[in-house]
Amino acid sequence: MTDAATDPTLLRPHAEQQYAHELAALARLDDRPRPPSWQLSPWAVVTYLLGGELSDGTVVTPKYVGPRRLMEVAVATLATDRALLLLGVPGTAKTWVSEHLSAAISGTSTRLVQGTAGTSEDAVRYGWNYARLLAEGPSADALVPSPIMTAMRDGAIARIEELTRIPADVQDALITILSEKTLPVAELGIEVQANKGFNVIATANDRDRGVNELSSALRRRFNTVVLPLPASEEDEVAIVTRRVEQLGSALELPALPTAADEIRRVVTVFRELRQGVTTDGRTKLKSPSGTLSTAEAISVVTGGLALSAHFGDGILRSADIAAGILGSVVKDPVADRVVWSEYLEAVVRERPEWADFYRACREITG
Ligand SMILES: Nc1ncnc2c1ncn2[C@@H]1O[C@H](COP(=O)(O)OP(=O)(O)OP(=O)(O)O)[C@@H](O)[C@H]1O
Ligand SMILES: [Mg+2]
């Protein structure tokens, strides 16, 4: 295997590559009991997610910012025979947490099934290499295992993204896997039985239609952990700051030292519009149709950094984030534009320290 952890040309290394040194240090120092096939103890997995300093001085960076208890419940679930469903509105780190959990527990986050309306049973169970199938007939060599089948064999975590987008009959293929822990291959008259350590992390977005269509039989196989929006402005600023730093360095954008004010402004605008009231509680606001998630705040700031680095003076300014904010807020060209104009005039304009931002917004709102 090549040492991808140090390959600087990768656009986006997997969690287990990017944080290989943290995972190695945790594994070395972790003397608590590990469930079968786990690379780390549950305690060390939670430390990996929430960050901390190890006894040898290694600093573990926080990946998830939020209640520790939620991560403890998620990790404890994975040590049982029940699967884990991470549920939440868009941009609450469901995919992010799922990737880091499987990296920490199984050492790899790549056994992944992406759920879409077109996900077939093959993607969940197994498929065939048709050239071999035609030449040799059904044989173990012609079988193409799904990531789930591979995880069962390896006693590892498999991930299913956007579970609720998968058609109901395909979802049902999971029931046997999750309850009997076996995957029959009828064509070969065999079955693949899961080894200890196998489990599934699924994510689902509770804004998507169809969430309630998760069959109750399947739902009973999952423990659900709901990931909340960041509780406080401080938390959200911390998340955006950290992620923007990481993304900026991965994209090799020049580091901008004075981004803190603009980051706080983006987060404030997003939170106020999302919650329908200003931070001081005085002015009620209409909320726009979009979700204004933390993930979008991260892209607004990253986009602003690129603007400022390539077309500005290298300092993140209001004008660099105004267009991004407008794009996130105004998803519906009529209704959201009204919401935005009201916010601009009633709130932004009244804040003297936001004068630059007000001007920049007026310029592009027209
Ligand atoms: N509480 C949080 N802690 C750390 N990072 C967070 C948090 N909330 C959001 N993020 C960041 O937001 C980004 C988007 O997260 P992610 O893609 O996992 O969201 P999601 O819940 O899967 O959204 P979707 O429903 O759209 O798939 C990630 O870069 C993640 O780091
Ligand atoms: Mg996701």
Original post:
Magnitude of the Cβ-charge dipole of the chain, K/R +1 and D/E -1, about the Cα centre, nearest 20 debye?
Top reply: 760
Subject >> Mean residue ellipticity (222 nm) of the chain, computed from DSSP H runs ≥ 4 via -39,500 (n - 2.57), nearest 500 >> reply: -14000 deg cm²/dmol
**OP:** Return one quarter of the surface area of the convex hull spanned by the alpha-carbon atoms of the chain, equal to its mean projected area, in nm².
**Re:** 21.7
**OP:** Treating only the Cβ atoms of Lys and Arg (+1) and Asp and Glu (-1) as charged, compute the dipole magnitude of the stretch 1-83 about its Cα centre; round to the nearest 20 debye.
**Re:** 340
Subject >> Pairwise label distance in nanometres, residue 349 with residue 252, each label 7 Å out on the Cα-Cβ vector >> reply: 4.6
**OP:** Would you list, by chain and number, the lysines whose Cα falls below 18 Å from the Cα of residue 181, excluding same-chain residues fewer than 8 positions away?
**Re:** 196
Original post:
Using a Förster distance of 51 Å, how high is the FRET efficiency between residue 363 and residue 58, based on the Cβ-Cβ distance and rounded to 0.05?
Top reply: 0.60
**OP:** Considering only DSSP beta bridges where both residues belong to the stretch 93-212, give the percentage that are antiparallel (nearest 5).
**Re:** 50
**OP:** Output the peptides 285-296, 263-274, 181-192 sorted from most to least packed, where packing is the average of other Cβ atoms within 10 Å over each peptide's residues.
**Re:** 263-274, 285-296, 181-192
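Contour minus end-to-end for residue 207 and residue 132, with contour as 0.36 nm per residue of separation and end-to-end as the Cα-Cα distance?
22.8 nm
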Original post:
Kirkwood-based Rg over Rh for the stretch 233-365 (C-alpha set), two decimals?
Top reply: 0.95
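Anything over 27 Å Cα to Cα? Flag those among 63/286; 284/331; 63/284; 94/284, in the order listed.
Where the Cα-Cα span goes over 27 Å, the pairs concerned are 63/286; 63/284; 94/284.
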Subject >> Fraction of antiparallel bridges per DSSP, the stretch 4-226 only, in percent to nearest 5 >> reply: 35
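No lab work stands behind these numbers, since they all come straight from the coordinates. Computed from a predicted model, the values in this text were never measured in an experiment. We place every Cβ from the backbone using ideal geometry, glycine too, and count neighbours over all the protein chains shown.
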